[in-house]
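My questions all concern the structure below.
What follows is calculated from the coordinates using simple rules that are stated; it is not laboratory data. Keep in mind that this is a model prediction, so the values were computed, not measured. Counting neighbours? That spans all protein chains shown, and the Cβs are built from the backbone with ideal geometry, glycine included.
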Amino acid sequence: MKILLIGSGGREHALAWKIKASPLVETLVIAPGNPGMATLGELKPVSPIDVPALIALAQDMAADLVVIGPEVSVEAGLADALALAEIPCFGPTAAAGQLESSKAFTKAFCDRHSLPTSAYGVFETAAAAKAGLSAFVAPYVIKADGLAAGKGVVIAPDLATAETAIDDVFGGRFGGAGARVVIEEFLEGEIGSLFALCDGQTSMLFGSAQDHKRAFDGEQGPNTGGMGTYSPAPVFTPTLVEQTLTRLAEPALASIAAEGAPYRGVLFVELMATQDGPKLVEFNARFGDPECQVLMLRLKSDLVPYLLACATGTLHELPQPQWHDEAAVCVVLAAQGYPDAPQMGSEIIGADQDFGEDVVVFHAGTRRDADGTLRASGGRVLNVCARGPSFEVARQRAYAAVAKIDWPGGFYRTDIGWRALGR
Ligand code: GLY
């Protein structure tokens, strides 16, 4: 098979690593990819939102399957264009992808289909949003409506901070994503990430993980795209998995199809495990980053048949995927200043060494100079991932590998998995 993979982050590096391991794959092309992926496939410098160029690339290479990594490609309508070109695609259409690309759409969708989530209000001006705060109590959850790479959410402890967050969104901090603000009730509980594959009709559980959203140890600092993950996460008892599937994932996938936008790809359900069961925090229309990294380390089955089945409507023909009976941990190394103003260009030494068979370092925001020097070129830069017979061993292996990387320009959280350790 010839596969075109879209994206350049740690998530896509992990997908490429797993796709490359499939005996079904003869050619892997990645657009645009990153330096860490260069040994896995041929990199093509095409933007993930340049839909005409991506279609041309898929046609040139006679791709049997296109795998969409990032949400920006979903929002840009890549899956829609691939459908017109009759090229199988793993990833939802722009219409189905509104489950991620508009928080206001998703809240109204939850209302229409009685999916459990927090109370909310949608506001089109800063003045209306500030007035709307009176319907909520602190802490206030302020969200830009559109895509903001996980950074468009502020949990404001008081009114003044909430009002500043509202001004930031309407002041253009998130570009077009900030045309509307969603204010939400703060949910008490433990957060988790659950994944379901769907081929437009049939859906299938595809693992779970727990992320760490705040930039710094002790859940301090601004929200980020995610600073580290582990899988399996003890919060996902069999009951919580079952409730999340039957109360959120399955009804959402059936309802979006009933609304005329069948969903093909992976639905990422970010939920709060509350005393009343799971409540939706957000849907995402792609794998989580860095949740995908730990899922790929734990996935024993060949990934490719599952991606292809989602694209071709044949998921019902596949068995449940097999998982390694081991834990996986991912520690994100980010550039100093992330998420607000990451400093680019600092040199990273030691990322490409052999860390042993249970450790994999996925690249995200990296670039390589002509002389081979590796440098930071984004906010989240490296994902140090490890597997082990227990969560503690996997975590120890991941942090031991982090210690071997010499990068004064970066930082990381030292408490990934604190909830699991505390249990
Ligand atoms: N790690 C959270 C996300 O991918 O949105």
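Considering all projection directions equally, how large on average is the shadow of the alpha-carbon convex hull of segment 361-423, in square nanometres?
Here the figure is 4.9 nm², rounded to one decimal.
Same structure again: Measure up LYS103/LYS151; LYS103/LYS279; LYS103/LYS300; LYS20/LYS151 against 22 Å on the Cα-Cα distance and list the ones that go over.
From the list (LYS103/LYS151; LYS103/LYS279; LYS103/LYS300; LYS20/LYS151), the Cα-Cα distance tops 22 Å for LYS103/LYS300; LYS20/LYS151.
May I ask you to sort GLU188, GLU100 by Cβ crowding, counting other Cβ atoms within 10 Å and putting the fewest first?
GLU188, GLU100
How large is ³J(HN,Hα) for each residue in segment 393-401, as worked out from phi by the Karplus curve 6.51 cos²θ - 1.76 cosθ + 1.60 (θ = phi - 60°), to whole Hz, x for Gly and Pro?
Per-residue couplings from phi come out as 5, 4, 5, 5, 5, 5, 5, 5, 5 Hz.
Quick one: 3J(HN,Hα) in Hz for segment 122-127, Karplus 6.51/-1.76/1.60 with θ = phi - 60°, rounded, Gly and Pro as x.
Going residue by residue, I get 10, 10, 9, 9, 5, 4 Hz, with x marking Gly and Pro.
Based on Cβ point charges of +1 for Lys and Arg and -1 for Asp and Glu, what charge dipole magnitude is obtained for the chain about its Cα centre, in debye rounded to the nearest 20?
240
Now, a different point. Run the helix sum for the chain: -39,500 (n - 2.57) per DSSP H stretch of 4+ residues, divided by residue count, reported at 222 nm to the nearest 500 deg cm²/dmol.
-7500 deg cm²/dmol
A follow-up question, please. Collect residues whose amide H, placed 1.01 Å from N in the peptide plane, falls under 5 Å from the amide H of GLY410; neighbours closer than 5 in sequence don't count.
HN-HN under 5 Å from GLY410: GLN336.
Let me ask something else. Looking at the square roots a ≥ b ≥ c of the eigenvalues of the Cα gyration tensor of segment 244-368, which shape do they give, rounded for a/c under 1.5, prolate if a/b is larger than b/c, or oblate?
Prolate.
Check which residues have an amide H placed less than 5 Å from HIS212's amide H, if you skip close sequence neighbours.
Amide H neighbours of HIS212: MET227, GLY228.
Starting at the first residue of segment 42-50, write each ³J(HN,Hα) from the Karplus equation 6.51 cos²θ - 1.76 cosθ + 1.60 with θ = phi - 60°, in whole Hz, x for Gly and Pro.
8, 8, 10, x, 10, 5, x, 10, 8
What Kirkwood radius, in Å to one decimal, follows from the Cα pairs of segment 205-307?
Kirkwood radius, segment 205-307: 14.9 Å.
Report the Cα-based extents of segment 273-339 along its three principal axes, largest first, to the nearest Å.
Here the Cα extents, ordered largest to smallest, are 46, 33, 26 Å.
Still on this structure, please answer the following. If I histogram all Cα-Cα distances within the chain using bins 20 Å wide from 0, what percent of pairs lands in each bin?
The distribution over the chain is 27, 62, 11, given as percents.
What's the percent breakdown of Cα-Cα distances in segment 59-141 across 10 Å bins, shortest bin first?
With a bin width of 10 Å, the distribution comes to 15, 32, 26, 16, 9, 2.
Between PHE90 and residues 5 or more places away or on another chain, which pairs have amide H atoms under 5 Å apart, with H built 1.01 Å from N, and which residues are they?
Correct list: VAL66, VAL67, ILE68.
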